[in-house]
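Structure first, commentary second.
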Amino acid sequence: MAGNLTQLEQIKSRLRCIELLKILKKRMTYEELSKILKVRPQLRGDSKNDSTPRPLPITVLNRYIRGHVLPNAERTEEMLKILEKETDLVKEVRNRLKFDNGYFDNTALLGDTLLLRYIARVMTQKFARDGITKVLTAAADGIPIGTHIANEMEVDLVIAKRVREVGVKEFVEETYIPSFSGTRMSLYIPRYSFSKKDRVLVVDDVVRSGETQRALVNIVKKSGAEVLGLFILVAIGDSWREEIVLPEEKIATILNLPSNRQ
């Protein structure tokens, strides 16, 4: 398989391999990583007569993680198969949330650029065939994951804000009344943000009632563009799905928490 990849794709695979190592290193020791990363001896430079997989030496792992060297294409392919199986995104996201009396703090999650970048790559693969041309998110907590996904897809990011910024002449506005507040709230984007040719992925960090995400979808429609999907990092319950008029296969989440945990 490695031989079928372009040089750029091979480099990206090698970097993805290192990123996964760094993500797992946050909760595993070098010894634990070495035990799960068993590679064929010929990839380690040992005798080719012995094909029994052996743990990758800790010294080699250390050089990879510190960025002193990258694995070659063959080793990358072998390591990625193991690392992707070991990387449980649900567990990784949950471990970065701090719970207190039914509420959670997602500061550590939104600040983990390595994990967000990997999640962005996974989501890019999921929506790869849809021809996404823009990513839309809401300020402010949706910006980190929205930025990573837009960067991975190599498309522009549009940020819906709750205030009209000075310097922008015309806006597309969506006003709604969140069930938890009972007050009117609005989201704004510059009118030039989308064209009728745009195919948009809506991204956010957390969904509870679905009202904010519905407002984002409506802004896209008001702009004349097409919504092709919705991605959420953490979903609370499932009643929010009633607010989002999209096919089930076009909605993706990482972590789903019960509704009694706000």
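The values are calculated or read from the model by the stated rules, or taken from the named source; none is laboratory data. For clarity, every value in this text was computed on a predicted model and none was experimentally measured. Counting neighbours? That spans all protein chains shown, and the Cβs are built from the backbone with ideal geometry, glycine included.
Please work out which one of (1) closer than 23 Å to ARG16 by Cα; (2) surrounded by 12 or more Cβ atoms within 10 Å (Cβ to Cβ) is the condition THR133 fails and give its number.
(1)
Out of the residues in the range 67-77 meeting the condition of being surrounded by fewer than 20 Cβ atoms within 10 Å (Cβ to Cβ) and not hydrophobic (A, V, I, L, M, F, W, C), tell me which one is nearest to ILE23 (Cα to Cα).
GLY67
Just checking, does the range 179-202 include any residue being under 27 Å from LEU114 (Cβ atoms) and in contact with a Lys or Arg (Cβ under 9 Å, 6 or more places away or on another chain)?
Within the range 179-202, one or more residues are under 27 Å from LEU114 (Cβ atoms) and in contact with a Lys or Arg (Cβ under 9 Å, 6 or more places away or on another chain).
When you check VAL203 against the structure, is it over 27 Å from THR107 (Cα atoms), within 20 Å of the chain's Cα centre (by Cα) and in a strand (DSSP E or B), yes or no?
Judged against the criteria, VAL203 is not a match.
On the given criteria, is SER223 in contact with a Ser or Thr (Cβ under 9 Å, 6 or more places away or on another chain) and surrounded by fewer than 20 Cβ atoms within 10 Å (Cβ to Cβ)?
no
Out of the range 214-247, which residues are of a type in the set (Ser, Thr, Tyr) and part of a helix (DSSP H, G or I)?
Listed by number, the list holds a single entry, SER239.
Working carefully through the options LEU70, LEU115, find the one that is assigned by TED's automatic domain parsing to the domain that holds ILE18 and hydrophobic (A, V, I, L, M, F, W, C).
LEU70
Just give me the residues in the range 154-194 being loosely packed, with under 14 Cβ neighbours inside 10 Å, in a loop (DSSP other than H, G, I, E, B) and either in contact with a helix residue (DSSP H, G or I) (Cβ under 7 Å, 6 or more places away or on another chain) or outside the structural domain of GLN125 (by TED's automatic domain parsing) (or both), in sequence order.
GLU170, SER179, listed by residue number.
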